[in-house]
């Protein structure tokens, strides 16, 4: 028997009322979430971070043309010519150099000499550009991320050339020229400290890594004066007023926020699915955690970053309808930057301690220190800390040799045994600076 008109209208009224209440609650929750997101953005601004690309562009300080070495540096870097050969190390087809205490083959010396003869003017211009006090590379963040890949490639090429220059001069026995090339390589890396992109910071880490290995070979193959050793120790250990890692992450925050600005039709679709707000909130929380980790002192960063990485791993396992899709695409690309930053700091400090060991050797008629404590307080107030565990960097005297090292990512002291190639083996190795010169 069909319901009476009265019961039908009553039922329809209840259904309509229930639907209206559900919609009202949903809309209210969306506005509450919108307020939460706005508070999160205000929190970033209160901490001094930009949250839009226009703010990011202003956050990357402008530099007067007469003080800005960046355009001149790029001009010099892009003018470097390279005819790769099998015998040319670092930048040739055979990118690995011979072992640190092994002499170069005649063809390696020949090709390297030809390389520098062809690029004499470019490298002179590069050195001159690095004398400028400030650097602001030509990026207009207001138009989006428009940095040209060619600019980064040019700086990477310049860093490789300076690394090769240091090793070549050391092979020729010119310690002073090798030291100047190492100095210029560190200066080049520092030109990227202020640039607020994670890729620029990774290029900086790469340049510092090249400098670390070039310094190790230089000390093995040439004798440096006290003045040159002191200069290099100072540049390796000089405290930096800028946190490049934090700046790189701040830029990624702005790029990510801009990435959530979807077309209106897509926003409406995601709004009613409830995806956009949850995804955006997830992104903002994770970036807040990462920026807090970047501000933290060593060696606390690994423990602080673990909750973020665990949250990302858990989100990646969710079903598509529950997954913060955009965040899962963006955030994992930044996961390795903390370890890269810690490793770069460790390498700089290790190289600085090695310079102090060489200064001790000069001051004591060729004798090496028996232990690291003999280096302080004459060469520095205290032994620099290993950023991985907070303890003083290790030093071990060997027969006619020594090693300065960090325990590395696995926090295990392997005695400073030689670096193992390959990413998996590298993570299990100490970070070493070995000198085998009597």
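The values are calculated or read from the model by the stated rules, or taken from the named source; none is laboratory data. The model shown is predicted, which means the values in this text are computed figures rather than measured ones. No Cβ is skipped: glycine too gets one built from the backbone with ideal geometry, and neighbour counts run over all protein chains shown.
Some points to look at:
- Qualifying positions in the range 45-57 - surrounded by 13 or more Cβ atoms within 10 Å (Cβ to Cβ) and under 22 Å from the mean Cα position of the chain (by Cα): 49, 50, 51, 53, 56, 57
- Among the residues of this structure, residue 341 counts as one that is surrounded by 14 or more Cβ atoms within 10 Å (Cβ to Cβ) and at pLDDT 90 or above.
- Condition check for residue 89 on (1) buried (at least 16 other Cβ atoms within 10 Å of the Cβ); (2) part of a helix (DSSP H, G or I); (3) at pLDDT below 95: one failure, at (2).
- Here residue 131 meets the list (1) under 24 Å from the mean Cα position of the chain (by Cα); (2) exposed (fewer than 12 other Cβ atoms within 10 Å of the Cβ); (3) at pLDDT below 95 almost entirely, failing just condition (3).
- Within the range 98-132, being in contact (Cβ under 8 Å) with a residue 40 or more places away in the chain and farther than 30 Å from residue 67 by Cα holds for 100, 101, 103, 104, 109, 112, 113, 115.
- A count restricted to the range 203-230 and to residues that are over 16 Å from residue 190 (Cα atoms), part of a helix (DSSP H, G or I) and free of Cβ contacts under 8 Å to residues at least 60 places away in the same chain stands at 4.
- Qualifying residue in the range 225-240 (condition: surrounded by fewer than 24 Cβ atoms within 10 Å (Cβ to Cβ), in contact with a helix residue (DSSP H, G or I) (Cβ under 9 Å, 6 or more places away or on another chain) and under 30 Å from residue 105 (Cβ atoms)): yes
- Put simply, of 372, 400, 396 the only residue that is under 15 Å from residue 435 (Cβ atoms) and more than 30 Å from the chain's Cα centre (by Cα) is 400.
- The residues of the range 303-324 that are part of a helix (DSSP H, G or I) and surrounded by fewer than 18 Cβ atoms within 10 Å (Cβ to Cβ), listed by number, are 303, 304, 306, 307, 309, 310, 311, 313, 314, 316.
- Taken together, 30, 37 contain a single residue that is under 21 Å from residue 252 (Cα atoms), touching a helix residue (DSSP H, G or I) at 6+ places or on another chain (Cβ under 7 Å) and modelled with pLDDT under 90, which is 37.
- Helices (runs of 4 or more DSSP H) lying entirely in the range 104-186 (those with 1 or more residues that are under 16 Å from residue 74 (Cα atoms)): 120-129, 149-171
- Restricting the range 187-202 to residues that are surrounded by fewer than 21 Cβ atoms within 10 Å (Cβ to Cβ) and assigned to a loop (DSSP other than H, G, I, E, B) leaves a set whose member that is farthest from the chain's Cα centre (by Cα) is 194.
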